[in-house]
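Every read-out reported here was derived from the displayed coordinates using simple, explicitly stated rules and does not represent laboratory data. Keep in mind that what you see is a predicted model, and the values were worked out from it rather than measured. Every residue, glycine among them, receives a Cβ derived from its backbone with ideal geometry; neighbour counts consider all protein chains shown.
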């Protein structure tokens, strides 16, 4: 197994480290009521900026492992690598926790091309868990995107084994990212932008059922991305006898529809070769920790986490190899400094986030939820999650917990010169801190950058290594380490709203 190499900070970052060291000498104005350990913060900054290993971690996940769909050999390889790496650093109680997921899926081959009236390679990706096609399918596509159910019935004889264009052309595209929360003057909309899907007279569910009954060979559809960006996910419950499905670049799909409607007869060749993985139907979470040392609070848990899984059309750079790398690096920093936290600092790398926060939900169900885990909830201190967005951590979504804001503001203040900005009152959904909130324990998600995230990288074929900078990775790890340490050392419980 390849071990990530230590990456030294470029000389251009040394002046920043020096400036940060000097600036930590005095407490921030108006924040004296919440103690900040400036000596440990200084040491975290030095370790995280000058002796970082995070780029090696990030490169391993994105380039060597690649796509990490839950319950696939690639995901398990990433989880096993994380365990070995954490053990090598000297973390305690490093282990995998299994939970039931179902079968995995990988793509093993794909042909997408127009062969007539001219040759042209098409760009697209199958939905995850799409069945394979029955070999190579060749022929003129049948356009049904403007048909009613009655119209589909009239085409039924033509659909058996056919290549089917299932929707109208894509005319709405995602062109704006969500607002940058840490730059907003007042309240922010933290949710993702709307999703645009081309829709015809027949719903997508009705269309899928009809094409399955008719025995269609493969179903094609466009997506809301522009300039070759393709948004593609999948459904783990897709049945074996479903029609194989491909999401095409919108420009390519629209071209095919126009050609068909204009009387041309484009000839296509399409093949999907996919494989299901059902020998091991488990999802896995990776856990590791630094044990607490204070007998009174050592069993209280400060948990930092990110999801290890990704979608299949890219290598999951911003979603979420950066979060995993920063979480692991934060623990490495604290281990390297040989801190002695009062509370236990634990990290969790979750599987199955993309299919519904499944790994985090499984952990919460096993360890925090219900009457049987009441004592564990009372001893749980905080969960800090690192997922949506990419790069530097600007602050935290505070889930409308006004009482905790002075605490988080104090911890964030000495990190302002690294690029941290502010904490915001609003909350955020659809990520792994949600099950913790639902269990009734404090949980918060980091604020990161959304520039080109919603429009270009999130769940697309563009989410590669290049989306995130080394500087952003280092800063995010430092912020996680500082917050985890201060949470583990703080007197008393975190205030609640």
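Which FRET efficiency, nearest 0.05, do residue 103 and residue 33 yield, Cβ-Cβ r, R0 60 Å?
The pair residue 103/residue 33 has a calculated efficiency of 0.65.
Taking the beta-carbon count within 10 Å as an exposure proxy, list 408, 444, 173 from fewest neighbours to most.
Working: 408 21, 444 25, 173 15.
Ascending Cβ contact count within 10 Å gives the list 173, 408, 444.
Separation between the residue 400 and residue 258 pseudo-spin-labels, each 7 Å from Cα along Cα→Cβ, expressed in nm?
Label at residue 400, label at residue 258, 4.7 nm between them.
Evaluate the distance, in nm, between pseudo-label points positioned 7 Å from the Cα of residue 496 and of residue 184 along their respective Cα→Cβ axes.
The answer from the label model is 2.6 nm.
In whole angstrom, how far apart do the alpha carbon centroids of segment 85-162 and segment 201-255 sit?
8
Please state the relative contact order of the chain as a whole percent: Cα pairs under 8 Å, 6+ residues apart?
It rounds to 22 percent for the chain.
Order of 456-462, 261-267 by packing, highest average Cβ count within 10 Å first? Numbers along the way, then the final one.
Values: 456-462: 22.4, 261-267: 12.3.
Those peptides, ordered most packed to least, come out 456-462, 261-267.
Cα atoms only: what Rg and Dmax, in Å, come out for segment 104-277?
Cα-based Rg and Dmax for segment 104-277 come out at 17.3, 60 Å.
Rounded to the nearest 500, what is the chain's calculated 222 nm mean residue ellipticity when only DSSP H runs of at least 4 contribute -39500 (n - 2.57) each, over all residues?
-9000 deg cm²/dmol
Exposure proxy check: 51, 343, 361, 205 ranked by fewest other beta carbons within 10 Å?
205, 51, 361, 343
Please list the three semi-axes, largest first and in whole Å, of the ellipsoid equivalent to the chain, using sqrt of 5 times the eigenvalues of its alpha carbon gyration tensor.
46, 23, 21
Can you tell me how much longer the chain between residue 80 and residue 199 gets when fully stretched, taken as 0.36 nm per residue apart minus their C-alpha distance, in nm with one decimal?
38.6 nm
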